[in-house]
Amino acid sequence: MQRNHYDFLIVGAGITSAVFAHEAAKIGKTCLVIDRRDHIAGNIYTEEIDGINVHKYGAHIFHTSLRPVWDYVNQFAEFNNYVNCPVARYKDELYNLPFNMNTFSKMWGIKTPAEAKEIIERQKQEAAEQIGEGEPSNLEEQALSLIGKDVFEKLIKGYTEKQWGKSCTELPASIIKRLPVRFIYDNNYFNDRWQGIPMGGYTAMVERMFGDTEILLNTEYREFVAENEGIADRAIYCGTIDAYFDYQLGALEYRSLRFESERIECENWQGNAVVNYTEREVPFTRIIEHKHFEYGTQPTTIITREYPANWERGDEPYYPLNDDRNSALYEQYVELAKQEGNVVFAGRLGGYKYYDMDKAIDAAFDLVDAELGVDLRK
């Protein structure tokens, strides 16, 4: 039953909110969580279909080198030993990611690190001669200067252009600051100390984090606070910061995504959890086969095609476009936010920043420390 007053109104039921609500409850603070969606867990929401935990908003693999974060999430879930080893498909060719000796061996028919380094250095030198003096002026020049023509054209160019909806020559060089290259036969995408998938799915993990916290779904913030004025002493707002201010300074820009899922009557459709499609002509960026995240043996399978999409107001925001224009606009909203007093903007949308899951939890630790005086890193 809903109370008349709470210490905190938390807007959004994702991972940031779950950490905060859990810690607030531990010290006797009351929280009410609202979310406009019909489920908890935000973009890491998983739905069980045919015994398979389907990642409804794209693949989410937990990985971290932050010991306090790893210890924290293990309170709420047991993680399996899934290792992320995506495959890239270019036309009818298959390559291992990240770029490693398996990739180079397939691409050039070579066997040793010395051979791979010689080819890459030669292609980098050719790119440098083509680019000329000065720093790379766009993403294409930057990538060519880091990895050379072959890897760029087959594994980076088309995928990146689909992802951002622009030619690589129109994208800033800063998007690719570096490209991880390994001269060993290792397909593990992450270098982090720990990784895995919570057994039973992310939704179950987040549900345990919220515990007995009151949650109202299908609830819009503006309508709710208009009808429940003064319901909480303080708000933790994890929605988009520009929407909170009714876009009075203009809308921040994002890239969005569209998902198409399909149930297939076979046990194993593509042989890997994630296959990237790097050709520009293929409209989706990747296909996820969800059962492979948890080593499923179900007689059927579910795949999801992931399509990048232009974002318009009202669409689901996924990736912030942190270019100069949007970064400057965000800072203007931060100045407005400072005047709110009893509202704290948090999470991926409140901070207009893309977070890996572990970094989102680490940022939530800072929020807990600032608001509740609890240091979760001790």
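Worth pointing out:
- Residue within the stretch 323-343 that is within 16 Å of the chain's Cα centre (by Cα) and open to solvent by less than 50 Å² (accessible area, probe 1.4 Å) present: no
- Filtering the stretch 286-301 for residues that are open to solvent by less than 50 Å² (accessible area, probe 1.4 Å), under 22 Å from Ser174 (Cα atoms) and in contact with a strand residue (DSSP E or B) (Cβ under 7 Å, 6 or more places away or on another chain) leaves an empty set.
- Filter pass, Tyr352 being within 18 Å of the chain's Cα centre (by Cα), of a type in the set (Ser, Thr, Tyr) and part of a loop (DSSP other than H, G, I, E, B): yes
- One residue alone among Leu367, Leu372 is out of contact with any strand residue (DSSP E or B) (no Cβ under 8 Å at 6 or more places or on another chain) and touching a residue at least 60 places away in the same chain (Cβ under 8 Å), and that residue is Leu372.
- Condition broken by Arg280, with the remaining ones in (1) in a strand (DSSP E or B); (2) open to solvent by 40 Å² or more (accessible area, probe 1.4 Å) satisfied: (1)
- Within this structure, Gln130 passes the test of being of a type in the set (S, T, N, Q) and open to solvent by 50 Å² or more (accessible area, probe 1.4 Å).
- Those strands (runs of 3 or more DSSP E) of the stretch 6-113 in which at least 2 residues are more than 28 Å from Glu281 (Cβ to Cβ), considering only elements entirely within it, cover 6-11, 31-34, 46-49, 52-55, 62-64.
- Strands (runs of 3 or more DSSP E) fully within the stretch 181-239 counting 3 or more residues that are open to solvent by less than 30 Å² (accessible area, probe 1.4 Å): 232-237
Every residue, every condition in (1) out of contact with any Pro (no Cβ under 9 Å at 6 or more places or on another chain); (2) crowded, with 21+ Cβ neighbours inside 10 Å, yes or no:
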residue: Thr16; (1), (2): yes, yes
residue: Ile34; (1), (2): yes, yes
residue: His39; (1), (2): yes, no
residue: Phe62; (1), (2): no, yes
residue: Tyr72; (1), (2): yes, yes
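- Of all residues in the stretch 133-161, those being among the acidic types (Asp, Glu) and buried (at least 18 other Cβ atoms within 10 Å of the Cβ) number 3.
- Per the listing Val275, Val344, the residue uniquely over 18 Å from Pro86 (Cβ atoms), in contact with a Lys or Arg (Cβ under 8 Å, 6 or more places away or on another chain) and outside any loop (DSSP other than H, G, I, E, B) is Val344.
- The listed residue being over 23 Å from the mean Cα position of the chain (by Cα) and modelled with pLDDT under 95, out of Glu135, Glu153: Glu135
- Lys111 within 19 Å of Thr160 (Cα to Cα), open to solvent by 40 Å² or more (accessible area, probe 1.4 Å) and modelled with pLDDT of 95 or more: no
- Scanning the stretch 255-272 for residues that are farther than 23 Å from Glu316 by Cα, in a strand (DSSP E or B) and either open to solvent by 50 Å² or more (accessible area, probe 1.4 Å) or among the acidic types (Asp, Glu) (or both) turns up just one, Arg263.
- Inter-residue pairs, beta-carbon under 8 Å, first free of Cβ contacts under 8 Å to residues at least 60 places away in the same chain and in the stretch 152-167, second open to solvent by 40 Å² or more (accessible area, probe 1.4 Å), 6+ apart: Phe152/Glu140; Thr160/Ile175; Ser167/Glu140
- Count - residues of the stretch 206-224 that are out of contact with any helix residue (DSSP H, G or I) (no Cβ under 7 Å at 6 or more places or on another chain) and closer than 18 Å to His60 by Cα: 1
- Flag if Tyr244 is within 16 Å of Val33 (Cα to Cα) and of a type in the set (Phe, Trp, Tyr): no
- Some residue of the stretch 144-166 being polar (S, T, N, Q), more than 14 Å from Arg280 (Cβ to Cβ) and part of a helix (DSSP H, G or I): yes
- Flag for Leu249 being in contact (Cβ under 8 Å) with a residue 12 or more places away in the chain, open to solvent by 40 Å² or more (accessible area, probe 1.4 Å) and under 30 Å from Ser167 (Cα atoms): yes
The values are calculated or read from the model by the stated rules, or taken from the named source; none is laboratory data. Computed from a predicted structure; not experimentally measured. Glycine gets a Cβ as well: all are built from the backbone with ideal geometry, and neighbour counts include every protein chain shown. The area values use the complete protein model at the heavy-atom level, side chains included, leaving out ligands, DNA and RNA. Shrake-Rupley method; radii C 1.70, N 1.55, O 1.52, S 1.80 Å.
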